[in-house]
Protein chains: 2
Amino acid sequence: MAAARLQSVPTPDRRLLVLTEGQFAVHDAKTAIGLIRYGREPVVAVLDSTKAGRNVDEFLPGHDVPFVASLEEALALPEPPDALVIGIAPTGGRLPDAWRSTIRDALAARLDVLSGLHQFLGDDPEFSAAAAASGARIVDYRRPPERMETAVGRPHGANKRVILTVATDCALGKMSAALELAAAARSAGHSACMVPTGQTGMMIEGWGVAVDRLVSDFLNGTVEWLVEQGETRADWVIVEGQGSLDHPAYSAVTLGLIHGATPHAMVMVHKPGLLEHDFEHRPDASYPIADLPDFIALHERVAALVRPSKVVAVALNTSLIADDRDARRQIEATAAETGLPCDDPVRFDAEFLWSDIEAAVEALPWV
Amino acid sequence: MAAARLQSVPTPDRRLLVLTEGQFAVHDAKTAIGLIRYGREPVVAVLDSTKAGRNVDEFLPGHDVPFVASLEEALALPEPPDALVIGIAPTGGRLPDAWRSTIRDALAARLDVLSGLHQFLGDDPEFSAAAAASGARIVDYRRPPERMETAVGRPHGANKRVILTVATDCALGKMSAALELAAAARSAGHSACMVPTGQTGMMIEGWGVAVDRLVSDFLNGTVEWLVEQGETRADWVIVEGQGSLDHPAYSAVTLGLIHGATPHAMVMVHKPGLLEHDFEHRPDASYPIADLPDFIALHERVAALVRPSKVVAVALNTSLIADDRDARRQIEATAAETGLPCDDPVRFDAEFLWSDIEAAVEALPWV
């Protein structure tokens, strides 16, 4: 077997400055939002001059993080940052040219630079020279493990339970649902972990693989191996999903996760009110969000091509519904429509959904 | 858009020596068999000491190619080879250690070395030094284009027809069926091309992309772009499929082809008599070949998640059936079972199946 290494976050007590210049919005700045919501390392500021003087709290209530206009302003904070994080996850994963000077300056100021872009910053001669000169580090979270193995059909450990989050679109909250459910499982006294499969999840959890960067022939196989790592960490293994089975651009990654993880059960993430896929390339064409009951049945059919699995719950992202009571009504409607336990584990407590999921998984004939 | 380049075979009138040492068999030596059957460049010998003195004709009637025991023997032929081709496509795509000295010697003798392995021979310091010293070239067909683009939902050209071969397993004959159908279409007077998506098809046709080597995030997008190249070459674009939708290791690649190519129609390739998937890792577990009518319906359902498509014919690989009349009976039985035109376009004339496919595609509501 070829040598293989999981990425890991080297410094546990690092203070982060998150760069989103001109692109801070709950949807576009997925990495920034994820780190602010779930990260273990404190975010001391968001660098975005278009919002300077304001606070993240306006967008994400309960998260008191100032926006700053410049790197200098961040470095002058009472608790200055140790690292600069690229806070966006653009389609195609390339660095905006305008950000180069900020990265160069951060490296010169000896801040580590953490990136989840496809374009590896550590391979950029200018950045690597700047890092070498100051002693700062560049961490490219999407760099894949050096592993060239196809799937081998590994059975799960006898006492292990594997759950994968799937969804009706990308960028709906599969990572958040997985994080909330793993936390709820731990609160309930279980050994549970979230298996990060994307750059933001990796930054939060400190391990994992950005599976969309893998060579396609090794996608199923590396996911299989990643789940095996999860099983060494906990009994309940909640795998972060990616994309959606019907997304024109990312469906292959989604299927690699389903057939590579061979989950005992899946949790479907869905965002009521969203009508069209996140696919800006074809405003003239329609890429509608799937009908939930049909789409759930299709996931079970497609998963069973390799190993049986069942969608045991729906995790709703009710962020488009302002009122809590309206959100509750939508949750009840979706539960009735699908015949499955349903809740919004980010907006409300995840404990209830977790306890339904736990019972449903233990009752599966193949568990 | 990032720069991107299709691989191309540089020398049109090259004579090939195909290396299969100890592994020549119709199944394992897919690349060797494909080049002998369909290649435009002559194969002057197969280097396999375990079969020295014998002839490929024993295994593939009608193909008079001698086996030789050594590189020296090949170089002493009346028409010596100009290039050495790695003739196997092993799982994981790594070079057998025992073959290193043969490759070194071939490069020293100024033979080009052509490889479809995942392990790039051009990146091996010893091989690249040997090539530089003699002036020989190393071509790694699996090296991906320098392109980082996700799918954009491109519509097909108005007069273009895109057909994808899919299958009930890997290594069943999706490439052969695509080559035969493209040739039959040309014989019928159409402008038609086969779009190579694997290393053997690329060696045969002189262009293409080995899609299983692509970064997963760019798989659908690069397939979409590759089909666009096909549309500049011909009106009927027959895309070579890879893997199978239910293969534990390769399903992601298959779905990337379906959603990236968005074919108007699909041709299902199936091998009667084959009961289990090509998946040697789990001899204890069962990975049965799918039921054909169900599997066809599932392909149409999954393709339609992005764009409508129909399986318009079944291309049978009847190689497990010795007698031609028995093969004909199986073809009739499969046609009755599926309600679709059916034939073995490799064993028998492909013209009949092509004409049924052509009529069925032109009748599709979305064409």
Can you spot a residue in region A:144-162 that is buried (at least 24 other Cβ atoms within 10 Å of the Cβ), among the aliphatic types (A, V, I, L, M) and within 13 Å of chain B (Cβ to nearest Cβ)? yes
Which one of these is under 27 Å from the mean Cα position of the chain (by Cα), touching a residue at least 40 places away in the same chain (Cβ under 8 Å) and within 14 Å of another protein chain (Cβ to nearest Cβ): B:Thr91, B:Thr102? B:Thr91
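Within region A:165-196, count every residue that is outside any helix (DSSP H, G or I), over 12 Å from the mean Cα position of the chain (by Cα) and either hydrophobic (A, V, I, L, M, F, W, C) or more than 14 Å from every other protein chain (Cβ to nearest Cβ) (or both). It would help to see each step written out before you state the result.
Going residue by residue through region A:165-196, those that are outside any helix (DSSP H, G or I) are A:165-173, A:188-196.
Checking the rest, the ones that are also over 12 Å from the mean Cα position of the chain (by Cα) come to A:167-169, A:188-193.
Retained after the next criterion (residues that are either hydrophobic (A, V, I, L, M, F, W, C) or more than 14 Å from every other protein chain (Cβ to nearest Cβ) (or both)): A:167, A:188-193.
Count: 7.
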For region A:201-252, what are the residues that are closer than 30 Å to A:Leu275 by Cα, part of a loop (DSSP other than H, G, I, E, B) and touching a Leu at 6+ places or on another chain (Cβ under 7 Å)? A:Gly241, A:Gln242, A:Leu245, A:Asp246
Residues in region A:335-345 that are surrounded by fewer than 19 Cβ atoms within 10 Å (Cβ to Cβ) and either within 14 Å of chain B (Cβ to nearest Cβ) or over 21 Å from A:His264 (Cβ atoms) (or both) total 3
Cβ contacts < 6 Å: first residue on the phi > 0 side of the Ramachandran plot, restricted to region A:207-229; second residue crowded, with 24+ Cβ neighbours inside 10 Å and part of a helix (DSSP H, G or I), any location; separation 6+ or different chain. Result? A:Gly208/A:Gly201; A:Gly208/A:Met202
Members of region B:302-340 that are in contact with a Ser or Thr (Cβ under 9 Å, 6 or more places away or on another chain), of a type outside the set (D, E, K, R) and over 23 Å from B:Leu257 (Cα atoms): B:Ala327, B:Gln330, B:Ile331
Among residues belonging to region A:123-143 that are crowded, with 20+ Cβ neighbours inside 10 Å and assigned to a loop (DSSP other than H, G, I, E, B), point out the one that is farthest from the other protein chains (Cβ to nearest Cβ). A:Ala136
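Please verify whether region B:64-72 includes one or more residues that are among the aliphatic types (A, V, I, L, M), assigned to a helix (DSSP H, G or I) and outside the structural domain of B:Ala182 (by TED's automatic domain parsing). Steps first, answer last, please.
Pass one, region B:64-72, residues among the aliphatic types (A, V, I, L, M): B:65, B:68-69, B:71.
Then keep just the ones that are assigned to a helix (DSSP H, G or I); that gives B:71.
Checking which are outside the structural domain of B:Ala182 (by TED's automatic domain parsing) leaves us with B:71.
Scanning region B:64-72, I find at least one residue that is among the aliphatic types (A, V, I, L, M), assigned to a helix (DSSP H, G or I) and outside the structural domain of B:Ala182 (by TED's automatic domain parsing), so the answer is yes.
Quick one: in region B:308-319, which of the residues that are crowded, with 20+ Cβ neighbours inside 10 Å and of a type outside the set (Val, Ile, Thr) is farthest from B:Val269 (Cα to Cα)? I'd like the intermediate steps shown before the answer.
Residues of region B:308-319 that are crowded, with 20+ Cβ neighbours inside 10 Å, as a first pass: B:309-318.
In the following step, the residues that additionally are of a type outside the set (Val, Ile, Thr) were identified as B:309-310, B:313, B:315-317.
Values: B:Ser309: 16, B:Lys310: 14, B:Ala313: 9, B:Ala315: 5, B:Leu316: 6, B:Asn317: 7 Å.
This residue is B:Ser309.
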Considering region A:293-306 alone, what residues qualify as being surrounded by fewer than 19 Cβ atoms within 10 Å (Cβ to Cβ) and away from chain B (no Cβ under 11 Å)? A:Pro293, A:Glu300
For region B:276-292: of the residues being more than 10 Å from chain A (Cβ to nearest Cβ) and crowded, with 16+ Cβ neighbours inside 10 Å, which is nearest to A:Gly221 (Cα to Cα)? B:Asp278
Have a look at A:Phe59, A:Phe67 and point out the one that is of a type in the set (Phe, Trp, Tyr), over 16 Å from A:Gln199 (Cβ atoms) and at pLDDT 95 or above. A:Phe67
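The values are calculated or read from the model by the stated rules, or taken from the named source; none is laboratory data. What you see is a predicted model; the values in this text were computed from it and never measured. Using ideal geometry, Cβ is built from the backbone for each residue, glycine included, and neighbour counts are taken over all protein chains shown.
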